[in-house]
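Values in this text are rule-based calculations from the coordinates and carry no lab data. Note that the structure is a prediction, hence the values are computed from the model and not measured. Here the Cβ positions follow ideal geometry from the backbone for every residue, glycine too, while neighbour counts run over all protein chains shown.
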Amino acid sequence: MRFSLFVARRYLRSRHHRGFISFITGIAIIGVALGVATLIITLSILRGFERTIRDNVVSFTAHMQLFGFSNLPLQNPEFAVQRVKERFPEVREIAPYVAREALIRSSVDIDGIILKGVDPENDISAARYRLAGGVYDLKERGGSIQPIILGKRLAEKLETVVGDTVLVFALGGLTISMAETRVMAFEVVGTFDTGMAEYDASYAYVPLASTQRLFQFGRAISGFDILVHDLARLDALSEEIPSDLGYPYYARTMYQIYRNLFAWVDLQKKPVPIILGLIIVVATVNIIGTLLMMVMEKSMDIGVLRTLGADRRTIKNVFLLQGMIIGVVGTLIGNLLGYLLVLVEMEYKLISLPSAIYYMSSVPIELSALNFYLVSAVALVLCFFSSVVPARIASGLDPVRLFKFGK
């Protein structure tokens, strides 16, 4: 094997410039490297898309939402919280909320919003973790003006900044009809930015008690946001928890609420391995062409080696090793190139996206060692099989005919 490796390395070098990889070999290596890098980057983007969309959805709806049939308000929320925590240890967090449609008015504009009241001591919403300005302070105040946190796009449309006062008009409630209107003043204490235009332009967060007064809910709530430890148990819990609590409790998971969104992500993932796998196949075809040209160029050398005692297996190993050297070098370069490009995009966000369409403002990327291992394994296997045909052709050449042809 040492002899075969020595010959293979010599053949991969230029005849006139020892120490430099020949032009045709370089083209083959570049082809493999580009195929590997492209596949790694694409898989990293797909994982990033899935993670970002899941995280953004969770920040607004949690893993699961528990509410009443036909949006019936839920009475005695303390009992439900205590029972869920006692009976279902899989539940990580459970937070009550009141959410209703409302109108918000600033000094320059008016817009429709989803007003969500949350308990600041037990809040798992986007407002706490995605602040773009101001502070997270949703504690009830003693006066008539309460705090509010607006989505960044909503604040821009209303032309409000931290410290401004806005009016919120209730559209219906527990004991009031659409014909009746209640109004409450709020002070903007912060803005949040998730990169999801639909939410940043329509959501506002206020203290839970403020929404209960505004919509005259009393002690009732709209529902609960629930986070679980294991997403594999999510579907089962969505059936077990309402069954345990009884009517009117009803649960929906984030996959059910945003079925179309997650279906779109799955659809994007399905054809990609096939399409990008073809990229590596095309790259490995370059190896076949390179080795076949090498066999033609080195035909006299093959005849000399056979005459000196090298058997067919040795000749075959020479060209198999050539293909594997090209594959290994190309794969290593592709891994390095893909890793560097992924890091650059993660650090500088060079590629922007319309958040109104993609639910994010820049291309999301998630580095995963599994992607590198998987792509590298596939590339090396394809490089090996692409070397088999040229190697068998080289090992089957008759040295007598080679010398006659050379003359």
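Data overview
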item: Total charge dipole magnitude, region 97-220, about the Cα centre, Cβ charges on Lys, Arg, Asp, Glu only, Debye to nearest 20; result: 280
item: Sorted largest first, extent of the chain alpha carbons per principal axis (Å); result: 104, 48, 30
item: Which of 269, 116, 157 has the fewest Cβ neighbours within 10 Å, and the rest in rising order; result: 269, 157, 116
item: For peptides 197-206, 256-265, sequence by mean Cβ density within 10 Å, most packed first; result: 197-206, 256-265
item: Region 97-220 - percent relative contact order, Cα under 8 Å, separation 6 or more; result: 36
item: Point-charge dipole on Cβ atoms (K/R +1, D/E -1) for the chain, about Cα centre, debye to 20; result: 3020
item: Per-bin percent of Cα-Cα distances, region 97-220 [5 Å]; result: 2, 12, 25, 27, 21, 10, 3, 0
item: Over 32 Å (Cα to Cα) - which of 270/298; 269/316; 157/270; 269/349; 85/139 fall in this group; result: 270/298; 269/316; 157/270
item: Calculated SAXS-style log₁₀ I(q)/I(0) at q = 0.25, 0.27 Å⁻¹ - region 115-158, Debye, Cα scatterers; result: -1.04, -1.16
item: Per-selection Rg to Rh, region 276-407 - Cα, Kirkwood hydrodynamic radius; result: 1.22
item: Unit charges at the beta carbon, dipole of the chain: most positive-side option, 328, 341, 8; result: 8
item: Cβ crowding within 10 Å averaged over residues, with 126-136, 328-338 ranked highest first; result: 328-338, 126-136
item: Positive dipole terminus of the chain, leading residue within 115, 383, 81 (C-beta point charges); result: 383
item: Unit charges at the beta carbon, dipole of the chain: most positive-side option, 238, 201, 365; result: 365
